[in-house]
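Data first, discussion second: the structure below is written as structure tokens.
The values are calculated or read from the model by the stated rules, or taken from the named source; none is laboratory data. None of the values given here were measured: they were computed from a predicted structure. Cβ placement follows ideal geometry from the backbone for every residue including glycine, while neighbour counts extend to all protein chains displayed.
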Amino acid sequence: MLLQFKPVAIHVMPLAYAKIKTSKGSIAFKFWYDEAPNTVDNFISLAQQHFYDGSNFHRIIKGFMIQGGDSVSNIPDRAGTGGPGYNLAAEFNDRPFVRGVVAMARSQSPDSAGSQFFIMQAANPGLDGQYTGFGQVISGMKVVDTLANTPVSDDNGTVAGPKPTIISIHILPATPDIYFKHAK
């Protein structure tokens, strides 16, 4: 008897994580490549192009989330309107929006995310399945909490005064222990 095997194509994404260096400290998060591959690829590409460097966390709602990644967040009255010049298709998934989830910000249209992202300071099940979650903070939640205490000028989270800065975002290789150590 002759055994036959069909070839199998396997996409292997090397384990990697992002390290966000902010004016208040560093935040590291692991990617959920299996749940949101295009979103992860987009974030990695923008970070490697230094797109985020020097931008701000322009929207902060204490007890909810901090939002950054806007290319024009340094221009008065333009914060929240910038992006890379294209939109991504939504990659909604089953991951719950718990403390430390990293997700793409968007407008009312599900397919409107580009570069802006937010980090959950607290769980919010109302966002489950409504936004593209693509990662989980593995260190630096104290920094997220510090950023969440930034003074704001309105209920929408517009930062009053100097905005916390994203100095840089580096994509670093991760050893499996980073993923397994922080798996839930």
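Would you please name the residue that is nearest to GLU35 (Cα to Cα), looking only at residues in region 125-145 that are part of a helix (DSSP H, G or I) and touching a Gly at 6+ places or on another chain (Cβ under 7 Å)? Looking at residues that are part of a helix (DSSP H, G or I) and touching a Gly at 6+ places or on another chain (Cβ under 7 Å), I get MET141.
Scanning region 33-44 for residues that are at pLDDT 95 or above and more than 15 Å from ALA89 (Cα to Cα) returns a single hit, ILE44.
Does PHE92 fit the bill of being assigned to a loop (DSSP other than H, G, I, E, B), of a type in the set (Phe, Trp, Tyr) and in contact with a Ser or Thr (Cβ under 9 Å, 6 or more places away or on another chain)?
Numbers: assigned to a loop (DSSP other than H, G, I, E, B): yes; of a type in the set (Phe, Trp, Tyr): yes; in contact with a Ser or Thr (Cβ under 9 Å, 6 or more places away or on another chain): yes.
Answer is yes for this residue.
Assigned to a loop (DSSP other than H, G, I, E, B), among the hydrophobic types (A, V, I, L, M, F, W, C) and closer than 18 Å to LYS163 by Cβ: does that describe PHE57? So PHE57 fails the test. Can you find a residue that is buried (at least 17 other Cβ atoms within 10 Å of the Cβ), on the phi > 0 side of the Ramachandran plot and modelled with pLDDT of 95 or more anywhere in region 99-117? Yes - at least one qualifying residue is present in region 99-117. Take the residues of region 14-64 that are aromatic (Phe, Trp, Tyr), under 18 Å from VAL101 (Cβ atoms) and touching a strand residue (DSSP E or B) at 6+ places or on another chain (Cβ under 6 Å): which is surrounded by the most Cβ atoms within 10 Å (Cβ to Cβ)? Residue satisfying both the conditions and the ranking: PHE57. Within the set ALA18, ALA122, the sole residue that is touching a Gly at 6+ places or on another chain (Cβ under 8 Å), of a type in the set (A, V, I, L, M) and either closer than 24 Å to ASP154 by Cα or at pLDDT below 95 (or both) turns out to be ALA122.
List every residue pair whose Cβ atoms lie under 6 Å apart, where the two residues are 6 or more positions apart in sequence or sit on different chains, the first residue falls within region 130-155 and is farther than 29 Å from GLU91 by Cβ, and the second residue, located anywhere, is outside any strand (DSSP E or B) and modelled with pLDDT of 95 or more. Once the first residue is farther than 29 Å from GLU91 by Cβ and sits in region 130-155, its partners that are outside any strand (DSSP E or B) and modelled with pLDDT of 95 or more give THR146/LYS24.
So which of THR158, THR146, THR81 ends up being more than 16 Å from the chain's Cα centre (by Cα), among the β-branched types (Val, Ile, Thr), farther than 20 Å from TYR17 by Cβ and modelled with pLDDT of 95 or more?
Working: THR158 fails: modelled with pLDDT of 95 or more; THR81 fails: modelled with pLDDT of 95 or more.
That would be THR146, the only listed residue that is more than 16 Å from the chain's Cα centre (by Cα), among the β-branched types (Val, Ile, Thr), farther than 20 Å from TYR17 by Cβ and modelled with pLDDT of 95 or more.
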